[in-house]
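These notes are about the structure you will find just below.
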Amino acid sequence: MPLARSLSVTSLNGLDDWDDDLDLENSILFEVAWEVANKVGGIYTVIQTKAKITTDEWGENYFLIGPYFEHNVRTQVELIEPPNPAIKRTLDSMNAKGCKVYFGRWLIEGSPYVILIDIAATAWSLDRWKTELWDSCTIGIPWYDREANDAVLFGFLTAWFLGEFAAQCGDEKPFILAHFHEWLAGIGLCLCRVRKLPVATIFTTHATLLGRYLCAGSVDFYNNLQSFNVDKEAGDRQIYHRYCMERAAVQCSHVFTTVSQITAIEAEHLLKRKPDVVTPNGLNVKKFSAMHEFQNLHAQSKNRIQEFIRGHFYGHLDFNLDKTLFFFIAGRYEFSNKGADIFLEALARLNYLLRVNQSDITIVAFFIMPARTNNFNVETLKGQAVRKQLWDTANAVKEKFGKKLYESLLVGNLPDMNKMLDKEDFTMMKRAIFATQRQSFPPVCTHNMLDDSTDAILNTIRRIGLFNSSADRVKIIFHPEFLSSTSPLLPVDYEEFVRGCHLGVFPSYYEPWGYTPAECTVMGIPSISTNLSGFGCFMEEHIADPCAYGIYILDRRFRSVDDSCTQLTSFLYNFCQQTRRQRIIQRNRTERLSDLLDWKYLGRYYMYARHMALAKAFPDNFTYEPHEPTAAAGFRYPRPASVPPSPSLSRHSSPHHSETEDDERYDEEEEAEKDRQNIKQPTVSNMTQVPEWRKRSKKGSVDAGNSSNASNASTPTNPSSPSDLSSPTNSLIEERN
Amino acid sequence: MTGSICTAGAGEEVTAAPEPGTDTAEMAGEAFVTLCTNDSYAKGALVLGSSLRKHSSKRLVVLITPQVSDSMRKVLDKVYDDVRVVDVLDSEDSAHLALMERPELGVTLTKLHCWTLIEYTKCVFMDADTMVLQNIDDLFEREELSAAPDPGWPDCFNSGVFVFQPSIKTYNQLLQLATEKGSFDGGDQGLLNTFFNTWATKDIHKHLPFIYNLSSISIYSYLPAFKAFGANAKVVHFLGKVKPWNYTYDSTTKTVKGDAHDQTLIHPEFLNLWWEIYTSRILTLLTEHGVVKDTSTGLKALSGLVCSLAFSCRFCREEEVTEAVSHMCIAAAAPPPSPPSISSEERRERWEQGQVDYMGADSYDNIKKKLDAYLQ
């Protein structure tokens, strides 16, 4: 059954200025990555979520190439015969020569075709191929680096496949486009060029090898970016061969892309090539039919977290849960890379501010970062048991009370209030209350840590003295394990938990993209990220006033740590100052940004990269217009029409807030419509009817709301001026100050 | 068998009757013996010799093969009392014949030559990749064949350190066994374990404590034991493919640089000690004799090392020795080191060893040029 080719992509504009000559019928796209149907890290998520829109665009002509692992294939791939005869001939030819290449459908949304190569089956060729690699590129691979040797096998097999496929196509001569992700797939790209295969190549790095190593080694990374001697740094860290593979792939590719502006800067200095396109990572956004469904989900999940808090803080519940805000940080346990250090420091300052200003707001900050533990600690479990007991007691008394009330009403008497509760009931209740007394503070950590005395988070908490005492307005709960809906403590999964929180805090120092804040946004939860994270850069570019949309972007690039910390504190403090209504409005705005993070929108950057690669590799058949870096920016959300949600008192400390309009006017519908127009074309419905969508162009594209008209929320359509066409690259290459 | 067997107490020297050919009067009956088959193992032997000198006053003998360069021999001569060239192919005896039949046993047969040192009453053989940490003269109280168990198969002894009694008769029996049955592991350890096959069961006194031959792999394979008993170690044996001289040493921090995945670097103390001895005591000797050339004068391309356990090997190597960037190279074949035009083959091999000259010939700029040719 042929895959349907949907035209949904046409609901987006910004494509039409270049795609009119893109002949997809006679082009074949291969996407090569080690994490195709093989979950190792984050690249898997990128490729898996992107599959749907790519299949929509390329249909039968889209193939993913990855390594074959039996356990993966058993659970997520359905092996089938290749429907494409040239692919079938290629596979047969390779399998006849001792390879093991499999073909199937990856059972994910979009069910794309996958070609899986068993690298172990040809491991005996390793030495020969390493010799060839040495002869052609003078890159050697140490015998002890298993991963690098796998990369060689995988690279040679993909290059073999592509070469064989090109030969098997015979006279059809389709345009072959191969998109490689990460250094593990890079050798294949280099070989395509070395062997001069008729293949247009794209290379995408999601983070640079060296950047990761340097940041992990607590180097002052961004300030020294220009001055690293990259060969020496890589060599000293024993990753020279990997770095060479990565850099060779970068050098050889027709088009080089990274996932964010910040990684682009990193790549420019560490890999010595400026990316041609920045291809941000998207998500598959699930749209609820009910408009404010996400607000209801927030309320539901929040109740579950509140229940947990009731138990955890038993005996110390001297704060109002309705005036309690939940903050959280989540991710891999990298204390300073993920910004846990600066978050803790800001919490300590926030605590001071709230106390000095006698605020009635309480903050509970969750740290969800897996560390080595010996399971839950007794005190935490006891808290939940105590809560359960109180609940049971209350229910028992309620039952008795209800029964007496019922009997009294049956005989037609109003109940005698003094007789409704007897002595026994009071004893029971007193006993239950007695059990809730405790001398110690509620525990900071929910688990018994294995490295309690050396743990970075715990030691910082000890230093700043946030021990959940009654006087503290900021309470901390460190949950050193992933969340699970089967946990006896906090039985929610990660998504539910995020929905129930008020603010995600991700002040990372090194974060090439940052899916965590993106997920928050899609769920309508405001978040704090930094201008060192890909997500933060992306949002900063696309939104005129990110704070108003619940996207707080911390400046960690051009400020000292102390200044950043002060800024973070002011973000947190301002957030605390908001009324409930303001928070609801802010969540609505945050949620509206999901369109921006949807692959349906972000997929266009990939399309653009592919087009550019085809044009570079086959200049006679394809053309593309290089865009002026200074041209208008891409899509930009203007400032919201109504007043920003934070009170005017706090404005001076947050420079990004708009200073206009002081009335409390807020029209959700009107505002949402304006926001929507910034990303979708007004003539959507017409476009989808037209089969030859590629030819429909130059019509009603959106004026890119650059800073000059950012305050003007309307989106004028501009029928005939190509220079105004918004294009993906413009916003990317745009110089940032 | 030679006549007297040493049964005396610790430190007492039993002098054998002077034999013809020995010129020194203070000819001792006991000696430590080692073997090196090329210049890189010679570096190991030099460090071993130096560590023995520090902890013992016994005579030191080194057996070398013709592959060891002349200049290196001179340096060995400074550390060892007796440097003997063993050329199995040249020998008139049955060893030659044995080699003809079993060419793979080349190094093994050279090692067996230690039994021909009959001017000594008793000897302790130590591999060139061992290093002495404390006085071990009490080994001479042991009888032939005393050795420590092998960490991989403790019913076999490890032939990196063993006590033996030179004897032409034993030597010939060993050769005969080698010719007839060969060695089950292709090396001397298999052969010796076959010959002294009662070692595991007969006499516990022939079992040397493990601390007399502490294999470096045991440090990580049984870490708790190492933590408990490692401090008593007397001899450390750098088993494994990567030898101490294959590592890169940073003389400023006094640490060995290495791959993070390398388990042997969990406890790098011994490696660091090896390098400390090497840089403090051996390097000056090597420089004096022109084995190591200070190449700050220009040639710096020689770096890394082609490590080979095979019979012959040409190799070069770079170390960061002084605070200044001074590169040294050791050339094996010719006494005056030839200009460092290393073959492509050698460069590749060094990559595979993780010894990349990333600041020189292998810099990315050179790779870039190579790749640019394809991108035209």
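The values are calculated or read from the model by the stated rules, or taken from the named source; none is laboratory data. All of these numbers come straight from a predicted model, not from anything done at the bench. Ideal geometry is used to build each Cβ from the backbone, glycine not excepted, and the neighbour counts take in all protein chains shown. Just the protein is used for accessible areas: all its heavy atoms, side chains included, with ligands, DNA and RNA removed. Shrake-Rupley method; radii C 1.70, N 1.55, O 1.52, S 1.80 Å.
For region A:347-377 and region B:118-167, compute the distance between their C-alpha centroids and round to whole Å.
63
What ranking of A:Leu191, A:Leu79, B:Leu273 comes out by heavy-atom accessible area, probe 1.4 Å, highest first? Walk me through the intermediate numbers first.
Values: A:Leu191 0, A:Leu79 85, B:Leu273 60 Å².
Correct descending sequence by accessible area is A:Leu79, B:Leu273, A:Leu191.
Once label points are set 7 Å from the Cα along Cα→Cβ at both A:Leu79 and A:Ser470, what is their separation, rounded to one decimal in nm?
Distance between the two pseudo-spin positions: 6.8 nm.
Could you pull out the pairs from A:Lys50/B:Lys369; A:Lys232/B:Lys369; A:Lys323/A:Lys404; B:Lys181/B:Lys202; A:Lys100/B:Lys370; B:Lys78/B:Lys111 whose alpha carbons sit more than 26 Å apart here? Mind showing how you got there, number by number?
Values: A:Lys50/B:Lys369 36 Å; A:Lys232/B:Lys369 18 Å; A:Lys323/A:Lys404 36 Å; B:Lys181/B:Lys202 23 Å; A:Lys100/B:Lys370 32 Å; B:Lys78/B:Lys111 22 Å.
Exceeds cut-off: A:Lys50/B:Lys369; A:Lys323/A:Lys404; A:Lys100/B:Lys370.
Cross-link partners among lysines for B:Lys74, C-alpha distance below 16 Å, same-chain residues fewer than 8 apart left out?
B:Lys43, B:Lys293
Interface B/A, total buried accessible area with a 1.4 Å probe, nearest 100 Å²?
2800
For region A:43-57, in order, what is each residue's ³J(HN,Hα) by Karplus, 6.51 cos²θ - 1.76 cosθ + 1.60 with θ = phi - 60°, in whole Hz (x at glycine and Pro)?
Each residue of region A:43-57 in turn: 4, 3, 4, 4, 5, 5, 6, 6, 3, 4, 5, 5, 5, 4, 7 Hz.
Evaluate E = 1/(1 + (r/R0)^6) for B:Glu276 and A:Glu379, where r is the Cβ-Cβ distance and R0 equals 60 Å; express this FRET efficiency to the nearest 0.05.
Efficiency, from the Cβ-Cβ distance: 0.75.
Compute the FRET efficiency between B:Gln173 and B:Ala200 as 1/(1 + (r/R0)^6), taking r as their Cβ-Cβ distance and R0 = 25 Å, and round to the nearest 0.05. Intermediate results must be reported in sequence, preceding the final value.
On the way: r = 19 Å, r/R0 = 0.78.
Once the sixth-power term is evaluated, E becomes 0.80.
Could you compute how much accessible surface A:Met291 exposes when probed at 1.4 Å, giving the result in Å² to the nearest 10?
The accessible area comes out at roughly 90 Å².
So how exposed is B:Lys54, as accessible area in Å² (1.4 Å probe, rounded to 10)?
Probe radius 1.4 Å; accessible area of B:Lys54 about 130 Å².
Using 0.36 nm per residue, how much length does the chain from A:Asp135 to A:Glu172 gain when fully extended, once their Cα-Cα distance is taken away? Walk me through the numbers before you get to the answer.
Working: separation 37, 0.36 × 37 = 13.32 nm, distance 3.28 nm.
Net length gain for the segment: 10.0 nm.
Using amide H atoms built 1.01 Å from N in the peptide plane, name the residues 5+ places from A:Asn377, or on other chains, whose amide H lies under 5 Å from its own.
For A:Asn377, the qualifying residues are A:His447, A:Asn448.
Rounded to two decimals, what is Rg over Rh for region A:262-415 when you use alpha-carbon atoms and the Kirkwood radius? Mind dumping the intermediate values first?
Values: Rg = 24.6 Å, Rh = 21.3 Å.
My calculation puts Rg/Rh at 1.16.
Specify whether the C-alpha gyration tensor of region A:170-318 places it in the rounded, prolate or oblate class, a ≥ b ≥ c being the square roots of the eigenvalues: rounded for a/c under 1.5, otherwise prolate if a/b is larger than b/c and oblate if not.
oblate
Count, for each residue of B:229-238, the Cβ atoms from other chains sitting within 10 Å of its Cβ, then give me the mean as a whole number.
Values: counts 0, 0, 0, 0, 0, 0, 0, 0, 0, 0.
Per-residue shielding by partner chains comes out at 0.
To the nearest 10 square angstrom, what accessible area does B:Asp357 show with a 1.4 Å probe?
10
Classify region A:74-122: rounded, prolate or oblate, from the alpha-carbon gyration tensor (a ≥ b ≥ c, eigenvalue square roots; a/c under 1.5 rounded; otherwise prolate if a/b is larger than b/c)?
Because a/c hits 1.5 or more and a/b fails to exceed b/c, region A:74-122 counts as oblate.
What FRET efficiency do you get for B:Asp250 and A:Asn357 if R0 is 60 Å and r is their Cβ-Cβ distance, rounded to the nearest 0.05?
0.65
Kindly tabulate the residues in region A:128-145 with an accessible-area decrease of at least 50 Å² between the chain alone and the assembly of all protein chains, using a probe of 1.4 Å.
The answer is A:Trp134, A:Thr138, A:Trp143, A:Tyr144 - residues whose exposure falls by at least 50 Å² when every protein chain is included.
Once phi is turned into ³J(HN,Hα) by the Karplus curve 6.51 cos²θ - 1.76 cosθ + 1.60 with θ = phi - 60°, what whole-Hz value does each residue of region B:47-61 show in order, with x for glycine and proline?
Using θ = phi - 60°, the values come out as 5, 4, x, 5, 6, 5, 4, 5, 10, 8, 10, 5, 6, 10, 10 Hz.
Taking the alpha-carbon centroid of each part, what is the distance from region A:155-220 to region A:541-562 in angstrom?
Answer, in whole Å: 35.
Which residues belonging to region A:218-238 lose at least 20 Å² of 1.4 Å-probe accessible area when the assembly is complete, relative to their chain isolated?
Residues shielded by partner chains are A:Asp231, A:Lys232, A:Gly235, A:Asp236, A:Gln238.
Over 27 Å between Cα atoms: which of A:Lys403/A:Lys423; B:Lys54/B:Lys254; A:Lys52/A:Lys302; B:Lys206/B:Lys234 fall into that group?
On the way: A:Lys403/A:Lys423 16 Å; B:Lys54/B:Lys254 21 Å; A:Lys52/A:Lys302 32 Å; B:Lys206/B:Lys234 17 Å.
Correct reply: A:Lys52/A:Lys302.
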